[in-house]
Amino acid sequence: MTSTVPRRLARKAGVDLPVLGLGTWRTIDRVGPDGLAGLLAAARAVGAQLVDTAPVYSDAEPRLAELLRDDPSFFVATKIWDTEPEAVEAVFARQLAGYARPSIDLLQVHNLNGWQANLGWLDRQKAAGRVRFTGVTYQFDHAFGIGGTRADLAHILTTDLVDFVQVNMNAAQPTLAEDILPAAAEAGIGVVVMRPFGEGALLATPPPAAFLRELGCTSWSEALLRWVLAHPQVTTVLTATSRPEHFLANAAAVRSGPLGPAEASAVADHARSVLGARAGR
């Protein structure tokens with residue numbers, strides 16, 4: 001029996017979640033039905049039954065929903081993208097019907113798009129029992145020309161408007177750890193981290209094996225995941241993959257626990273050098 005991954009408590013939500021979740025951006029649209037079923041089976045095997053998706057991730061959400069209709073063990077995090085009330089309601093109705101659930105575990109305002117109106121709408125859905133927890137996601141200011149800003153995100157956190165926040169953060173781009181994470185911790189807001197590998201850019205130039213041994217890691221991906229989990233404010237880190245064996249390797253990595261301060265600093269130094277070298281090409 002494969003050992004399960006650790007769990008962390010999201011204090012405001014009052015729910016503990018696996019520290020590893022399955023992301024679906026630009027990955028599961030590359031695999032057939034058997035491959036997707038294999039990914040979900042791998043998540044079950046290691047107790048990492050958390051999946052994050054969105055209605056604009058190609059056909060990821062309807063394919064996931066079909067396979068999860070009879071499996072309430074998965075914590076489903078998805079998003080709303082639209083700003084027109086009629087469109088928001090229509091997409092949400094499809095999500096509830098697709099998963100065949102009375103409520104969605106976590107519904108997030110995608111990239112802060114229309115966050116003021118959409119957070120009000122989310123609060124009403126939560127009060128009605130159609131959403132368990134509310135959240136926002138932030139990638140960068142005005143993401144895709146429509147999203148909100150980091151200042152908006154700071155306001156949402158300091159005024160305690162949501163249960164969860166999802167941000168992109170990795171060892172080469174740690175600035176959110178310096179202000180957003182403490183604000184989330186102060187309010188007890190759960191933190192979901194996406195893109196721990198910089199969408200693969202950080203994996204292109206791994207450090208020497210001797211460096212990894214000094215860190216107590218067997219791979220660079222392990223070091224990067226354990227760097228994220230060195231921040232105690234982080235609830236869950238998402239890894240997007242189309243291969244079950246990669247997800248199982250990530251599960252083994254997080255079971256090794258967070259890096260210590262010295263090791264985390266060394267990982268950040270190498271990660272910044274990787275992105276700096278790629279930017280100079």
Please give the helix 115-127 orientation as an angle from the longest Cα principal axis of the chain, in degrees from 0 to 90, rounded to the nearest 10. 70 degrees
Mind jotting down the three principal axis lengths of segment 175-265 based on Cα atoms? Whole angstrom, largest first. 39, 32, 23
Nearest 20 debye, what's the magnitude of the dipole of segment 1-135 about its Cα centre given +1 on Lys and Arg Cβ and -1 on Asp and Glu Cβ? 520 debye
Can you pull a Stokes-Einstein diffusion coefficient for segment 118-182 at 4 °C (1.567 mPa s), Rh from Kirkwood over Cα pairs, as a whole number of µm²/s? 101 µm²/s
If you line up the Cα atoms of segment 43-200 on their principal axes, what length do they span on each, largest first, in Å? 41, 38, 29
What's the extension gain from Ser273 to Arg30 if we count 0.36 nm per residue and subtract their Cα-Cα distance? 84.4 nm
Roughly how many nanometres apart are two label points built 7 Å out from the Cα toward the Cβ at Asp152 and Ser103? 2.6 nm
Share of the chain's accessible area from carbon and sulfur, percent, 1.4 Å? 54 percent
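Using only C-alpha atoms and all pairs of different ones, pull out the Kirkwood radius for segment 189-238 in Å with one decimal.
After inverting the pairwise mean of 1/r, the radius is 11.6 Å.
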Which value in nm describes the separation of the simple spin-label points at Ala262 and Asp160, placed 7 Å from the Cα toward the beta carbon? 4.0 nm
Between 0 and 90 degrees, rounded to the nearest ten: what's the tilt of helix 175-187 against the longest Cα principal axis of the chain? 50 degrees
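Quick one: of the DSSP bridges fully inside the chain, what percent are antiparallel, nearest 5?
15 percent
If each DSSP helix of 4+ residues adds -39,500 (n - 2.57) and the sum is divided by the residues in the chain, what number results at 222 nm, nearest 500 deg cm²/dmol?
After summing the helix terms and dividing by residue count, I get -13000 deg cm²/dmol.
Note down, for the chain, the three equivalent ellipsoid semi-axes (square root of 5 times each alpha carbon gyration tensor eigenvalue), biggest first, whole angstrom.
Each semi-axis is the square root of five times an eigenvalue, giving 29, 22, 17 Å.
The values are calculated or read from the model by the stated rules, or taken from the named source; none is laboratory data. Because the structure is a prediction, the values reported are computed rather than measured. A quick note on method: Cβ atoms are made from the backbone with ideal geometry, for glycine too, and the neighbour counts reach across all protein chains shown. Keep in mind that these areas ignore ligands, DNA and RNA; they rest on the heavy atoms of the full protein, side chains included. Shrake-Rupley method; radii C 1.70, N 1.55, O 1.52, S 1.80 Å.
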